[in-house]
Amino acid sequence: LFAERNGLVLALASSQKWLKCSVGFVGVSDGYKDLEAHKTMTWEYQHAENGNVAMTGEIDLAGVDNSFVLAVGFGHDAAEAGHHAWASIMDGFHYAKKRYIKEWLNWQNSLAPQEVSQNKFGKLARISAAVLRIHESKSFVGGTIASMSIPWGSSKGDDDIGGYHLVWPRDLVQIAGGFLSMNSKTDAFRAINYLMVTQEPDGHWSQNMWLSGKPNGLGIQIDQIALPILLVNLCSTNGALDPHMIHSYWNVVKKAVSYIIKYGPATSQDRWEEESGISIFTLATEISALLAAANFAEKNNEPGIAAYCRETADYWNDNIEYWTYVTDTALAKEVGVEGYYIRINPTGLAAKDLIGKSMRIKNHSEDKVLVAISELVSVDALALVRFGLRAADDPKILNTIKVIDAKLKTDTPNGPCWHRYNNDGYGEHEDGSPYTGTGIGRAWPLLTGERAHYEIAVGNFEKAESLLKTMEAFANHGLLPEQVWDTDDIPERGLYLGKHSGSALPLVWAHAEYIKLCWSLRHKKVFDMPLYTQERYIKNKTKVDWEVWRFDYPCNSISKNKFLRIEILSPAIVRWSVDGWKTTNETATLDTGLGIHAADLPTKAINEGDLLFTFYWQDAQHWENNNFKITIANE
């Protein structure tokens, strides 16, 4: 039996002869329809072309011990595919089985610590390790897809050829981290090299891509540009990279950090591929990646770039609360806290000015698409702790956790699970019917793992271990789903509270989070929390004494206790005045080496009043013909 598509041929061979063979169109003339109608195989079609095709065969078992072997072979033509299939049968099933088991055992036994690889800590450790390894491509080494499943696949048509059979850089970084936590450095190394060769020329990675690296999704998530930088750093600190590799990877890291600085801190898509703006999760990854890139810059003899990366990270870190922490909202009063971190700020306004502002969110029908920005909360705020930017016991973090638990936590028979954010629309409809572009977001087991990592950061190891066991209880035959059903049972649809929904199963990212959680519990510290962010922002509490003006983020006023940094994308002369253009000063921008040109103006030495400025663009050799104003004030 043969099937062919786009120059690839599949051959199905049997050790016993075929009595009958047939090919047919699925649901119309295939073997299932034949058996359903006739209770025996009666159709013997020789060809079925240009459709969704199924192959059916009846095997002759007369005069044998009722045993037979089937083999599938692949090739560029029928002869090659048939040769591979028949050669496999001649080798014998027992030989293939023995070799297959030996290779898996050798790999599993190479994992460390042995307590994890032998299931002594975390009963899903071996299965999770296998799930990670199984999803890696044989043709594109290091490329690991998000899942072999298609979410709500039973409702999909033949035109949905992707499903989760794609590479998300976000997921791949988590997977590589899982490998590292098992001390499987070669597996992590393959993943990082895959990322190195799939970067786009301007420094970004695609939202998702086919294994060849060809982009699929057209959106850009800046967290998926920051996370590969953090993976290089994680590999380096865990001994998975030789020193010379840090130098060979520098050009990739440099392009990525240049993209982050030019287009951040806002992102056109957040972590969940939906909204644009300053996302709390993306912001946390950006700041951490900037500091990691600064370390690589120093190792590659570029101290100027290192300094600028740290300065940008410090400025963005200093403004996290300005952009994303709201106070005195109706939700804050309902929960009994003074404020909390919001999911995303799409406006560029200060968080205090967001009350009364609304935004449109995806995956909802038109009548439910508008929500209040200041009351959109997400588990993503925990990233501030996970990436070492805020202490686990910071009062603002504790306030936000109260809001998260009040609005996003679901208690199930297996334990607690969390939704991504309130008003999520990615999940089954209320009646349990499949997601159709709109729906109701359900609870994610991987978020139980993220919460457990927070509990480790705060020192609550007993609760973290309880959440590990909750993750295990969410598994279906050892496989962790993307989402679990979060409300009353609907037996006729196979939906039960705390059990897997019709979303992806397994979700490889969830298994990676589980594996890292096993390590973190064993060592009583968060595996992938950067040390340099904790040192800089939690221990030393690094602050800045400047404000930044950009065309996309113009500041209207500045304290006279701070100086002003102007950042633009081309070299220019900044002409400025503090007396209404009676007198003028000129300051040339400096090239940071990352696609940004910056000029620092000495506003600290200027009394209160208006600062006026404009630009002479050196490359184009013309004036901006527009004046800009910033008020210098006492505070």
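Here are a few things to note about the model shown:
- CD proxy at 222 nm, helix term only [per DSSP H run n ≥ 4: -39500 (n - 2.57); per residue of the chain; nearest 500]: -11000 deg cm²/dmol
- Across all Cα atoms of segment 471-619, the radius of gyration (one decimal) and Dmax (whole number) stand at 27.2, 80 Å.
- Probe 1.4 Å, protein heavy atoms only - accessible area per residue of segment 269-392 in square angstrom: 32 Å²
- Antiparallel DSSP beta bridges within segment 496-635, as percent of all bridges there, nearest 5: 75 percent
- Partners for Lys333 among aspartates and glutamates (Cα-Cα distance below 16 Å; same-chain residues under 8 apart left out): Glu375, Asp405
- Principal-axis tilt of helix 93-110 within the chain, Cα atoms, nearest 10 degrees: 30 degrees
- Computed on segment 384-510, with alpha-carbon pairs under 8 angstrom and 6+ residues apart, the relative contact order is 21 percent.
- Percent antiparallel among DSSP beta bridges (both partners in the chain, rounded to 5): 90 percent
- Straight-distance candidates among the lysines for linking to Lys98, with alpha-carbon spacing under 22 Å and chain neighbours fewer than 8 residues away dropped: Lys138.
- Alpha carbon Rg of segment 164-223, scaled by the compact-globule rule 2.2 N^0.38 Å: 1.12
- Accessible surface for segment 499-558, divided over its residues, is 43 Å² per residue with a 1.4 Å probe.
- Normalised contact order of segment 477-635, rounded percent, pairs of Cα under 8 Å and 6 or more residues apart: 17 percent
- Compactness of the chain is given as radius of gyration and Dmax, 28.3, 107 Å, from Cα positions.
- Largest accessible area first, the residues Arg493, Arg343 order themselves as Arg493, Arg343 under a 1.4 Å probe with ligands, DNA and RNA left out.
- Between the beta carbons of Asn476 and Lys156, assuming R0 = 25 Å, the FRET efficiency works out to 0.80 to the nearest 0.05.
- The angle between the Cα long axis of helix 125-134 and the longest principal axis of the Cα atoms of the chain comes to about 90 degrees, rounded to the nearest 10.
- Here the peptides 526-535, 622-631, 227-236 are ranked by packing, the mean other Cβ count within 10 Å, and the order with the highest first is 227-236, 526-535, 622-631.
- For Lys629, the lysines whose Cα comes closer than 21 Å to its Cα, not counting residues fewer than 8 places off in the same chain, are Lys560, Lys562, Lys582, Lys604.
- Value of Rg/Rh across segment 16-129 [Cα atoms, Kirkwood radius]: 1.14
- Share antiparallel - DSSP beta bridges, segment 1-112, percent rounded to 5: 100 percent
- The equivalent ellipsoid of segment 270-393 has semi-axes of 31, 16, 12 Å, largest first, where each one is the square root of 5 times an eigenvalue of the Cα gyration tensor.
- The calculated FRET efficiency for the pair Ser137 and Leu398, based on their C-beta separation and a Förster distance of 35 Å, comes to about 0.20.
- The residues of segment 45-182 present an accessible area of 56 Å² per residue when probed at 1.4 Å with all protein chains retained.
- In the context of the full protein assembly, Lys97 retains an accessible surface of approximately 100 Å², using a probe radius of 1.4 Å and ignoring ligands and nucleic acids.
- Alpha-carbon centroids, segment 561-635 and segment 42-104: separation in whole Å: 72 Å
- Surface share of carbon and sulfur [accessible, 1.4 angstrom probe, percent] for the chain: 51 percent
- Length-normalised contact order for the chain - Cα pairs under 8 Å, 6+ apart - percent: 10 percent
- Note on surface exposure: Glu275, Glu321 rank Glu321, Glu275 by accessible area, highest first, 1.4 Å probe.
- Sequence ranges 581-589, 326-334, ranked by mean other-Cβ count within 10 angstrom, highest first: 326-334, 581-589
- Both radii come from the Cα set of segment 187-248: Rg as radius of gyration, Rh as Kirkwood radius; their ratio Rg/Rh reads 0.98.
- Cα centroid separation, segment 240-279 to segment 328-379 (Å): 27 Å
- Against the chain, whose longest principal axis comes from its Cα atoms, helix 395-408 is set at around 40 degrees.
- Projecting the Cα atoms of Ala588, Leu601, His622 onto the charge dipole of segment 550-635, computed from C-beta unit charges around the Cα centre, puts Leu601 farthest toward the positive end.
The values are calculated or read from the model by the stated rules, or taken from the named source; none is laboratory data. In this text, all values refer to a predicted model and were calculated from it rather than measured experimentally. Every residue, glycine among them, receives a Cβ derived from its backbone with ideal geometry; neighbour counts consider all protein chains shown. Surface areas here come from the heavy atoms of the whole protein model, side chains and all, with no ligands, DNA or RNA. Shrake-Rupley method; radii C 1.70, N 1.55, O 1.52, S 1.80 Å.
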